[in-house]
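Okay, structure first, notes after.
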Amino acid sequence: MRQYQRGREEQAAPKPFAFVPLPERVNRNRPTGHDKYHSNHISGQIRGTIQALSPIHIGSGIIDIGDDVELIKTAVKTGGNIVLPGSSLKGAVRSVVEAISGSCVSKVSSQVRRAVPKGFAECRQKDNLCVACRMFGAMGFQGNISIQDAPKTTGDIKTEHVPELYAPGRGQRRMRDVPGRKFYKHGEVATGSTPVEACQEDSTFSLVLQVDNLTQSEWGLLFTALGHHPQHSFKLKIGGAKPVCFGSIDIQIDEIQVQEQTRSRYLNWDVAQDAVKAGDDMATWIQMCIAAAETDSLIQQDLLSQLAEILKYPNDRNCPTGLY
Ligand SMILES: [Zn+2]
């Protein structure tokens, strides 16, 4: 009732999110197994640094700022240290991979799932998977990418104050057609009176991302999803309070360790070089992988450019302080 009454008095702010349309179709293939050596596949480890561009709130359970959430939510701690959970990071990267490729609609609420068009539903046959399911896993298939919990290396936990947000009739409207995949924009953080525990802006976290048996194109799709495409760069969002502009992150890649067995034969690298890539050498390889993903049409350019526009950073818009 309170939402309804207040909603009539206030003028709604522009929506803090936008949709990337679904691809024309989902392209499914047999996944690459974990158990054997694949000549044109590359395994390795990405090490990087995540920087908070706005405060980050990672709570457990339902993440929303509404009328009936608990007032102070605590950041996830492992052994006393604050971490960005690997599962949250993986979810954020996966949602971008899904949006810019011919992938299914996975990990959505039951309400949304009912409105997903035929053919776009989450992959269910483990020998016939879209690229996002092949890379990040599906029912009965482990996936080729794993991300560890990222421990905080600098920055403090602070209590930030955010507005209570609400949209009229949210959760009640029946969805007929999914308008696409929803992404929250970056912008100026909105302040209000609801306390939320968050990692302060400029906090840093240590990222370790393990890649098992991906093609060079799939590595390119991954780098693009991390925001490293030369023409369509963007920043990701993670955690709660996204509508008020929390959770903007920069993912910097510091070095890539490529497993010895595949290195010299399939990447045309100098055998004498170290298996750890860094600096210009690494940057060149990242761009080679991205170019391969474009050549193979693994990246859908129109979807990528739309996503990059939604997730552009910096963005001087203000996040809503009330009804949207
Ligand atoms: Zn899928």
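The numbers here are math on the coordinates, done by the rules we state, and not lab data. Predicted, not measured: the structure shown is a model, and the values here were computed from it. Quick reminder, even Gly has a Cβ in these numbers, built from the backbone with ideal geometry, and neighbours come from all protein chains shown.
From least to most packed, judged by other beta carbons within 10 angstrom and beginning with the fewest, His232, His57 follow the order His232, His57. In a fully extended conformation the segment linking Ala12 and Glu309 would gain 104.7 nm over its present Cα-Cα distance, using 0.36 nm per residue. Here the extension length gained between Ala121 and Ser233 equals 37.5 nm, from 0.36 nm per residue of separation less the Cα-Cα distance. Annotation: amide H of Leu84 within the under-5 Å range of Ala150, Lys152, sequence separation 5 or more or interchain, hydrogens built in the peptide plane. For Asn29 and Asn318, a Förster radius of 56 Å and the Cβ-Cβ distance give a FRET efficiency of 0.80, rounded to the nearest 0.05. Computed over neighbours whose Cβ is under 12 Å from that of Ile290, the net charge equals -3, Lys and Arg +1, Asp and Glu -1. Between Arg113 and Val276, the simple spin-label model (points 7 angstrom out along Cα→Cβ) gives 4.4 nm. Ranking of Thr191, Thr32 by neighbouring Cβ atoms within 10 Å, starting from the fewest: Thr191, Thr32.
Between Glu255 and Thr191, what length in nm is gained on full extension when 0.36 nm per residue of separation is reduced by their alpha carbon distance?
Extra length from Glu255 to Thr191 when fully extended: 19.4 nm.
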